[in-house]
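Visitor: Please find one structure pasted underneath; my questions will follow.
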Amino acid sequence: MRVPTGHRTDNADRINYEMNTEFAAIFTHFNMWFLLGWQDIKHRYKRSLLGPFWVTISSGIMVGCIGMIFAAIFRVPARDFLPYYAAGQIMWLFISGQLNDSCEIFIQHQSILKQISIPLSVHIMRSLWNNVILLFHNLIIIVIILVLAGRKGTWEMFAAVPAFIMITILLFLASVSLGIVCTRFRDIIQVIKMTLNLIYFITPILWKKSVLPDRYSWITNINPFSNMIESIREPLLGQSPDSAVWIHMTGYIAVAMIVSVLLLKKYRHRVAYWL
């Protein structure tokens with residue numbers, strides 16, 4: 001049966017309104033995801049003396065020990081390799097932590113989704129804010145290592161701010177897509193976690209791009225995680241990121257936006273029924 005034009009127009013207007021609501025919820029529901037994310041941190045470290053600083057301490061010990069070992073393996077000065085590794089490792093913990101959490105974000109909060117109509121973006125922002133808080137704690141490690149390595153502050157370091165904003169936007173969009181897909185197909189959760197473990201070793205974190213022969217340089221060029229980390233690591237180390245890195249980041253955000261919008265339009269109402 002042919003659907004009247006008026007009904008198709010009303011349906012399109014409704015979908016557009018819901019999509020606007022999803023992204024506007026980042027601002028209109030700011031107090032909700034901000035407080036919930038903060039509460040998650042407090043609950044996780046309840047009755048703990050140091051709270052999230054335990055993560056900072058464990059990450060700092062890991063960065064220091066592994067950094068010294070690989071500096072010896074590659075026969076490079078520790079004062080050069082440690083800042084490089086620390087910046088890459090701390091950003092990797094942030095990126096991989098958010099992507100892993102996003103796979104189960106709707107499953108974890110299914111009791112809320114089944115009872116209250118809240119935009120899905122609120123749950124994503126709750127998780128993202130949680131990981132941003134942990135990142136801010138871990139930034140202390142980078143600062144300490146930069147000081148110990150004798151690195152001085154430069155104007156290039158301010159380029160880390162727009163890089164961080166771009167990474168956060170990209171993670172939000174990727175989390176929307178992963179959250180929806182993994183809620184529908186639970187096996188993908190394990191695939192994502194296994195894939196992230198593999199990607200860690202082909203991303204220049206423990207090693208530098210310069211150690212790769214030219215014929216293998218494509219490994220880092222097509223690796224989005226490499227560009228994400230380089231966009232913020234180079235400014236932190238006092239270097240200006242290559243313009244190609246910014247172009248890649250913009251392209252990643254554009255693709256992630258298209259995919260997340262398409263998934264939200266078609267499946268946002270089905271998420272609660274998949275739980």
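The values are calculated or read from the model by the stated rules, or taken from the named source; none is laboratory data. Worth saying up front: this structure is predicted, and the values here are computed from it rather than measured. All Cβ positions, glycine included, derive from the backbone under ideal geometry; neighbour counts span all protein chains shown.
Visitor: Test Ser231 against the stated conditions and say whether it is out of contact with any Phe, Trp or Tyr (no Cβ under 8 Å at 6 or more places or on another chain), surrounded by 14 or more Cβ atoms within 10 Å (Cβ to Cβ), under 22 Å from Phe172 (Cβ atoms) and of a type in the set (S, T, N, Q). Show your work before the answer.
Guide: Working: out of contact with any Phe, Trp or Tyr (no Cβ under 8 Å at 6 or more places or on another chain): no; surrounded by 14 or more Cβ atoms within 10 Å (Cβ to Cβ): yes; under 22 Å from Phe172 (Cβ atoms): yes; of a type in the set (S, T, N, Q): yes.
For Ser231, the condition - out of contact with any Phe, Trp or Tyr (no Cβ under 8 Å at 6 or more places or on another chain), surrounded by 14 or more Cβ atoms within 10 Å (Cβ to Cβ), under 22 Å from Phe172 (Cβ atoms) and of a type in the set (S, T, N, Q) - is not met.
Visitor: In addition: May I ask you to list pairs of residues, at least six apart or on different chains, whose Cβ atoms are under 9 Å apart, with the first in region 130-144 being closer than 13 Å to Ala160 by Cβ and the second being at pLDDT 90 or above and aromatic (Phe, Trp, Tyr)?
Guide: Leu135/Phe94; Leu135/Phe164
Visitor: Can you tell me how many residues within region 57-111 are closer than 27 Å to Val191 by Cα, of a type in the set (A, V, I, L, M) and free of Cβ contacts under 8 Å to residues at least 40 places away in the same chain?
Guide: Of the residues in region 57-111, 1 are closer than 27 Å to Val191 by Cα, of a type in the set (A, V, I, L, M) and free of Cβ contacts under 8 Å to residues at least 40 places away in the same chain.
Visitor: Within region 109-120, is there a residue that is touching a Ser or Thr at 6+ places or on another chain (Cβ under 8 Å) and surrounded by 14 or more Cβ atoms within 10 Å (Cβ to Cβ)?
Guide: Yes, that holds for at least one residue.
Visitor: Same structure again: Looking at (1) over 21 Å from Pro224 (Cβ atoms); (2) within 15 Å of the chain's Cα centre (by Cα); (3) surrounded by fewer than 22 Cβ atoms within 10 Å (Cβ to Cβ), which is the one condition that is false for Arg126?
Guide: Exception for Arg126: condition (3).
Visitor: Filter region 203-215 for residues that are more than 18 Å from Ala87 (Cβ to Cβ) and surrounded by 11 or more Cβ atoms within 10 Å (Cβ to Cβ) and give the result.
Guide: Result: Leu212, single match.
Visitor: For Ile192, work out the one condition from (1) more than 27 Å from Ala86 (Cα to Cα); (2) in contact with a Leu (Cβ under 7 Å, 6 or more places away or on another chain); (3) surrounded by fewer than 20 Cβ atoms within 10 Å (Cβ to Cβ); (4) at pLDDT 90 or above it doesn't fulfil.
Guide: (1)
Visitor: Need at least 1 residues that are within 29 Å of Cys65 (Cβ to Cβ) and within 15 Å of the chain's Cα centre (by Cα) per element, so show me which helices (runs of 4 or more DSSP H) inside region 142-225 make the cut, counting only ones lying wholly within it.
Guide: Qualifying helices (runs of 4 or more DSSP H): 160-184, 187-201.
Visitor: Considering region 158-207 alone, what residues qualify as being in contact with a helix residue (DSSP H, G or I) (Cβ under 7 Å, 6 or more places away or on another chain), under 26 Å from Val76 (Cβ atoms) and in contact (Cβ under 8 Å) with a residue 24 or more places away in the chain?
Guide: Ala159, Ala160, Ala163, Ile199, Tyr200, Thr203, Pro204, Ile205, Leu206 - these are the residues of region 158-207 that are in contact with a helix residue (DSSP H, G or I) (Cβ under 7 Å, 6 or more places away or on another chain), under 26 Å from Val76 (Cβ atoms) and in contact (Cβ under 8 Å) with a residue 24 or more places away in the chain.
Visitor: Another one. Return yes or no: is Pro235 modelled with pLDDT of 85 or more, farther than 30 Å from Leu264 by Cβ and in a helix (DSSP H, G or I)?
Guide: The answer is yes for Pro235.
Visitor: Residue check: is Trp218 among the aromatic types (Phe, Trp, Tyr), surrounded by 14 or more Cβ atoms within 10 Å (Cβ to Cβ) and at pLDDT below 90? If you could, list the steps in order and put the result at the bottom.
Guide: Working: among the aromatic types (Phe, Trp, Tyr): yes; surrounded by 14 or more Cβ atoms within 10 Å (Cβ to Cβ): no; at pLDDT below 90: yes.
Spelling it out, it is not the case that Trp218 is among the aromatic types (Phe, Trp, Tyr), surrounded by 14 or more Cβ atoms within 10 Å (Cβ to Cβ) and at pLDDT below 90.
Visitor: Does region 208-249 hold any residues that are hydroxyl-bearing (Ser, Thr, Tyr), closer than 29 Å to Asp101 by Cβ and touching a residue at least 40 places away in the same chain (Cβ under 8 Å), and which are they?
Guide: To start, the set of residues in region 208-249 that are hydroxyl-bearing (Ser, Thr, Tyr) comprises 210, 216-217, 220, 226, 231, 240, 243.
Now drop any that are not closer than 29 Å to Asp101 by Cβ, which leaves 220, 226, 231.
Across region 208-249, the qualifying residue is only Ser231.
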